[in-house]
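Below is one structure, written out as structure tokens; the observations come after it.
The values are calculated or read from the model by the stated rules, or taken from the named source; none is laboratory data. Everything numeric in this text was worked out from a predicted model, so none of it was measured. Note that we place each Cβ from the backbone using ideal geometry, even for glycine, and neighbour counts take in every protein chain shown.
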Amino acid sequence: MHKLTRLLVIYPALLRAYWERAVAYRAVFAVSLLNAIFPLVMMAIWIGMAQDGPVAGFSAPDFAGYYLAAVLVRRLTGVGIVQDAERLVRSGELSVYLFRPLDVVHHFFARVLTGRVVVTPMLLAPVALAILAIPGPQFDLRPATLMRFALSCGIGLLFEFYAQWLLAGLAFWIVQTQGIAAAYQFVKAFLGGYIVPLALFPPAVSGLLTWLPFQSSVALPVEILTGRLSAEQSFLRLAIGAGWVALIALGARLLWRAGLRGYSAVGG
Amino acid sequence: MRTIPHTIARYVGLLKLFAHNSVLTNLEYRVNFAGALLMSLLDALWAVGGAVLFYSHRATLGGWTFPEALVVVGMFFIASGFLDAFLQPNLRDVIEAVRTGAMDYVLIKPISPMFHATLRRFRLEKLSSLGVGLALIGYALAQLRLWPGTERWIAFLGLGLAALILLYALMAMLTALCFWVVDIANIEELVFGVLDVARFPAQAFPEPVRGIISLVIPIAFVSTVPAEALLGRLTPAMALYGLAWAGAALLLSVLVWRAAVSRYTSASS
């Protein structure tokens, strides 16, 4: 318990430091908004298809709601740390962090947390405007739903963070982690509901996808926010997501511990 | 005053030299080839997977059957492979050269600065997308049990070439932009993002978007129009419109480069 209280003391300062950094680099975050274009391309095609009747229960406003929520959720839960963490290991810069009393993972986590506080407001206004402009209710804004939405975003963020921390940990042994990370992004985006709503996969496949870890990154928060899940359904899916997070976090921790044991910095 | 054939021969010779140098550099990093091929295949899986999902709900999309749409996807991969292999690495180099002032060394060379700055470096491994694109088109034609006649192949090659010229002109203009604005990485991201629209037939999009990408921003010419030419569903008017777009864009890009270069002041001066 002593360790936890120590972290509680350290985190406010850590967050403040990374917050200032995030504000200084806010233009970089604005650029990251541009990768929202591909889901919007998919949205346009689905909307075109929905002109002559709903597609698997999705009407045109449903698609608009789904993809706008997906773009928003991607900003809340999406993480991009593999490149930096991998460079730290490869270049030997990691040694600097190893001298410090705080585990390096907290530096990355604080950076990730503050980053989204900077970027989300940039997107909130356009999404809210679009939602108001489209006829028909797309978002379920009741307090209970919003609570579940917040919880699902937390789980999604932790999943994304630890999955990438795990991938970055591979850098202790192999050089090509960037390629693996890029491949992972492809798979996650496609199977996690960012590119296509899970409900539009063939029934057998979409059933399976709700049991995979990727669902918590985008699909679960979006489905909750758009009111597509009952309370029971969302609790089951939240539990699945939380289970995977625990498993992946444990794996990442073990991998980093093993990696650090064999680590000798470049250039000594 | 040199004669035109002489000039052309000189530039072709230079192009060969650039290609030779790029191949030598690329061969130093052979593992990259396997990595790039894997990424292209994953990307293809993504694009085809998306198309499969669309078609699992509808038999046709904007009048395109699944194999027909695969021709569009294939053409998209050819275009994006061209972009990644030829245009993007040079764009990066020019941004860096303008920022550091190394552009001086390009400008004092006795050749067209636009030619040098936009065609200097190739990344051979990115051509894997080209292979994937051709394979997709081949597969689609086999599914359609269709072997287009000679005139369709000519139209396809002509409009495919026009698509690449159009992309080249757009990228050249984008590159020239960095003489005015130093940090154009954002704009580059935007262009790559917008190009994603070319993954699917233009007719699959609902109306305002369809009109814009067919007539105003020429994204439809990148993939949809060459595919239509191959499948024999293109009107001659649209073909001419596509060729005109490519020619106009190329001309404009040359003019923009002239203006850009005349505006350049070295980083140190």
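The residues in region B:16-48 that are closer than 21 Å to B:Thr118 by Cβ and loosely packed, with under 14 Cβ neighbours inside 10 Å can be counted, and the count is 7. One residue stands out among those in region B:30-65 that are without any contact (Cβ under 8 Å) to a residue 40 or more places away in the chain and of a type in the set (Phe, Trp, Tyr): the one that is nearest to the other protein chains (Cβ to nearest Cβ), which is B:Trp46.
Picking from residues in region A:189-222 that are in a helix (DSSP H, G or I) and touching a residue at least 60 places away in the same chain (Cβ under 8 Å), the one that is nearest to A:Ile131 (Cα to Cα) is A:Val222. Can you find, within region B:84-127, the residue that is nearest to B:Ser253 (Cα to Cα) among those that are surrounded by 19 or more Cβ atoms within 10 Å (Cβ to Cβ) and of a type in the set (Asp, Glu)? Ranking the qualifying residues of region B:84-127, first place goes to B:Asp84.
Within the set of pairs 6+ apart or on separate chains, which have a first residue in region A:160-176 that is within 19 Å of A:Val187 (Cα to Cα), a second that is among the acidic types (Asp, Glu), and C-beta atoms under 8 Å apart? Listed pairs, sorted by first residue: A:Ala168/A:Glu86. Filtering region B:72-87 for residues that are touching a strand residue (DSSP E or B) at 6+ places or on another chain (Cβ under 9 Å), part of a helix (DSSP H, G or I) and closer than 22 Å to B:Ala198 by Cβ leaves a non-empty set. Listed by first and then second residue, the pairs linking a residue in region A:113-137 that is within 28 Å of A:Leu158 (Cα to Cα) to a residue that is modelled with pLDDT of 80 or more and not in a helix (DSSP H, G or I), with Cβ atoms under 7 Å apart and 6 or more places separating them unless they lie on different chains, are A:Ile131/A:Phe139.
Only a single item in (1) loosely packed, with under 15 Cβ neighbours inside 10 Å; (2) over 19 Å from the mean Cα position of the chain (by Cα); (3) within 18 Å of A:Phe235 (Cα to Cα) is not met by A:Gly136, and it is number (3).
Looking across A:Leu40, A:Leu72, A:Leu76, A:Leu68, one residue alone is closer than 29 Å to A:Tyr162 by Cα, in contact (Cβ under 8 Å) with a residue 24 or more places away in the chain and either more than 21 Å from the chain's Cα centre (by Cα) or within 10 Å of another protein chain (Cβ to nearest Cβ) (or both). It is A:Leu40. Only residues that are among the charged types (D, E, K, R) and touching a residue at least 60 places away in the same chain (Cβ under 8 Å) were counted across region A:85-104, and they come to 2. B:Leu157 falls short of the stated requirement of being of a type outside the set (Ser, Thr, Tyr) and out of contact with any Pro (no Cβ under 9 Å at 6 or more places or on another chain). Checked against the criterion of being among the basic types (Lys, Arg), modelled with pLDDT under 85 and farther than 25 Å from A:Leu166 by Cβ, the candidates A:Arg26, A:Arg16 yield just one match: A:Arg26.
At least 1 residues being closer than 26 Å to A:Leu198 by Cβ is the threshold, and among the helices (runs of 4 or more DSSP H) wholly inside region A:50-142 those reaching it are A:60-77, A:82-91, A:104-133. Looking at B:Arg233, B:Arg263, B:Arg258, B:Arg199, just one residue is farther than 18 Å from B:Asp93 by Cβ and within 14 Å of chain A (Cβ to nearest Cβ), and that residue is B:Arg199.
Go through region B:193-226 and report how many residues are part of a helix (DSSP H, G or I) and over 26 Å from B:Gln88 (Cβ atoms). The number of residues fulfilling the criteria is 7.
Taken together, the residues in region A:95-111 that are within 20 Å of A:Gly259 (Cβ to Cβ) and surrounded by 21 or more Cβ atoms within 10 Å (Cβ to Cβ) amount to 2. Among the residues making up region A:223-252, those that are of a type in the set (D, E, K, R) and either closer than 18 Å to A:Thr77 by Cα or touching a residue at least 12 places away in the same chain (Cβ under 8 Å) (or both) are A:Glu223, A:Arg228, A:Arg237.
With respect to the conditions (1) in a loop (DSSP other than H, G, I, E, B); (2) over 23 Å from the mean Cα position of the chain (by Cα), B:Arg99 lacks only one, and its number is (1). On the given criteria, is B:Leu146 on the phi < 0 side of the Ramachandran plot, surrounded by 17 or more Cβ atoms within 10 Å (Cβ to Cβ) and in contact (Cβ under 8 Å) with a residue 60 or more places away in the chain? For B:Leu146, the condition - on the phi < 0 side of the Ramachandran plot, surrounded by 17 or more Cβ atoms within 10 Å (Cβ to Cβ) and in contact (Cβ under 8 Å) with a residue 60 or more places away in the chain - is not met.
Does any residue of region B:71-84 turn out to be out of contact with any His (no Cβ under 9 Å at 6 or more places or on another chain), within 14 Å of another protein chain (Cβ to nearest Cβ) and at pLDDT below 85? Yes, because at least one residue in region B:71-84 is out of contact with any His (no Cβ under 9 Å at 6 or more places or on another chain), within 14 Å of another protein chain (Cβ to nearest Cβ) and at pLDDT below 85. Note on region A:51-65: among residues that are out of contact with any Pro (no Cβ under 9 Å at 6 or more places or on another chain) and not β-branched (Val, Ile, Thr), the one that is farthest from the other protein chains (Cβ to nearest Cβ) is A:Ser59.
Checking each residue in region B:211-230 for being within 14 Å of chain A (Cβ to nearest Cβ), more than 15 Å from the chain's Cα centre (by Cα) and surrounded by fewer than 19 Cβ atoms within 10 Å (Cβ to Cβ) picks out B:Gly211, B:Ile212.
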